[in-house]
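The values are calculated or read from the model by the stated rules, or taken from the named source; none is laboratory data. Bear in mind the structure is a predicted one, so any value in this text is a computation, not a measurement. Cβ placement follows ideal geometry from the backbone for every residue including glycine, while neighbour counts extend to all protein chains displayed.
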Amino acid sequence: MATDNGGGAAGGNCEPELSDSLKTFGAVLEALREEARLTQEQFAPLVRYSAAYIAKIEQGKRFPPRDLLDRSEEILGATAARVLAASARSLTRRAGLASWFRQWAGIEEEAISLYAYECRAIPGLLQPEPYIRAIFERRLPPLAEDQIERQVTARLERQQLLTERPNTAFSFVIEQALLERHMGGPEVARQLLDHLLKESVRRNVEIQLMPLRQYDHAGIDGLMYLAETPQHEWVGYSERWHGRPRKTFSIWRSATPADSEVGMPSWRAPGYDRTGNTPAGRGGRGARGADVARPRPLVQFSQRML
């Protein structure tokens with residue numbers, strides 16, 4: 001979800017540095033919450049967010065969602081809400097992915113289902129530590145050792161979502177080429193595959209591979225993420241080149257996945273269950289007769305690679 005664009009969604013980009021305005025907003029929220037004699041654990045359910053999410057907002061690690069100000073007024077009072085709103089107006093909203101990602105990270109942490117298609121790097125939520133280090137050690141311009149350590153720590157922290165949210169359904173479609181590339185060398189590639197197989201066993205995680213040969217492909221414009229919020233609103237994230245020497249980043253919303261402005265790759269491989277078995281009487285062949293038309297369960301590729 002590499003250039004220095006802060007990308008949490010994209011696998012190969014940096015986690016965003018903390019901005020002064022976000023840290024200030026977080027400190028103001030913390031002070032107002034404590035003035036109301038509420039702990040994070042008490043305050044969070046009152047504003048309908050998790051305590052971990054509130055903690056990250058107060059630490060300046062997450063962009064506050066638009067609903068937080070309205071919900072806080074009901075709990076903290078009108079005066080506190082005006083102070084919080086004034087602090088929110090000073091938040092940094094520079095062009096670029098860092099501010100976009102802070103918004104997306106909040107959506108990601110509250111989602112009840114999350115779908116991801118990646119073509120540049122393994123999704124950040126699925127990267128083992130050796131793969132993370134291989135990415136950041138190869139960045140240009142080079143990162144200092146302490147910068148690499150901060151990025152590794154931040155990414156591993158984000159991955160706790162997979163265990164902390166067992167009721168969230170995670171579905172990933174990854175290009176086969178990302179595994180064939182062996183980023184970091186054969187040993188890192190082996191550890192990556194082992195890690196993906198271990199994560200795919202989770203009941204709430206599904207991992208599929210997009211074959212190297214693909215006749216019909218909805219993901220040629222780049223990575224795509226789609227999340228369902230607790231209010232059953234669908235929110236999407238994409239990065240695209242639009243014929244100009246810069247990327248554009250967008251977060252878009254719709255009532256249903258079908259209303260989304262981009263087409264997502266097919267999430268379920270026809271003819272296969274999530275273990276890679278083909279049920280009797282069903283084929284896994286594409287529209288042109290070749291057995292290459294849709295994403296495949298990870299286990300099929302791992303059996304060949306191992």
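Computed quantities for the displayed model
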| item | result |
| --- | --- |
| Only one of Thr153, Thr168 that is surrounded by fewer than 16 Cβ atoms within 10 Å (Cβ to Cβ) and polar (S, T, N, Q) | Thr153 |
| Scope the stretch 194-216; condition modelled with pLDDT under 85 and surrounded by 14 or more Cβ atoms within 10 Å (Cβ to Cβ); matching residues | Gln214 |
| Lone unmet requirement of (1) surrounded by fewer than 18 Cβ atoms within 10 Å (Cβ to Cβ); (2) modelled with pLDDT of 85 or more; (3) of a type in the set (A, V, I, L, M) for Ala95 | (2) |
| Residue pairs meeting the criteria (Cβ under 8 Å; at least 6 apart or on separate chains; first assigned by TED's automatic domain parsing to the domain that holds Leu46, in the stretch 61-75; second of a type in the set (Phe, Trp, Tyr)) | Arg62/Tyr53; Pro64/Phe25; Pro65/Tyr49; Leu68/Tyr49; Ile75/Phe43 |
| Condition check for Glu187: of a type in the set (Asp, Glu), in the same structural domain as Gln231 (by TED's automatic domain parsing) and within 29 Å of Ile57 (Cα to Cα) | no |
| Residue within the stretch 144-166 that is within 19 Å of Glu199 (Cβ to Cβ) and touching a Ser or Thr at 6+ places or on another chain (Cβ under 8 Å) present | yes |
| Those residues of the stretch 38-83 which are in a helix (DSSP H, G or I) and under 23 Å from the mean Cα position of the chain (by Cα), in sequence order | Ala44, Ala51, Ala52, Tyr53, Ile54, Ala55, Lys56, Ile57, Glu58, Asp67, Leu68 |
| Filter pass, Ala86 being assigned to a helix (DSSP H, G or I), modelled with pLDDT under 75 and either over 19 Å from Gln42 (Cβ atoms) or assigned by TED's automatic domain parsing to the domain that holds Thr24 (or both) | no |
| Residue in the stretch 227-266 that is modelled with the highest pLDDT, counting only those that are under 30 Å from Asp67 (Cα atoms), part of a loop (DSSP other than H, G, I, E, B) and of a type in the set (Gly, Ala, Ser) | Ala255 |
| Search result, residues across the stretch 181-226 that are outside any helix (DSSP H, G or I) and small (Gly, Ala, Ser) | Gly184, Gly185, Ala218, Gly219, Gly222 |
| Filter result for Glu145 (touching a helix residue (DSSP H, G or I) at 6+ places or on another chain (Cβ under 9 Å) and either at pLDDT 90 or above or among the charged types (D, E, K, R) (or both)) | no |
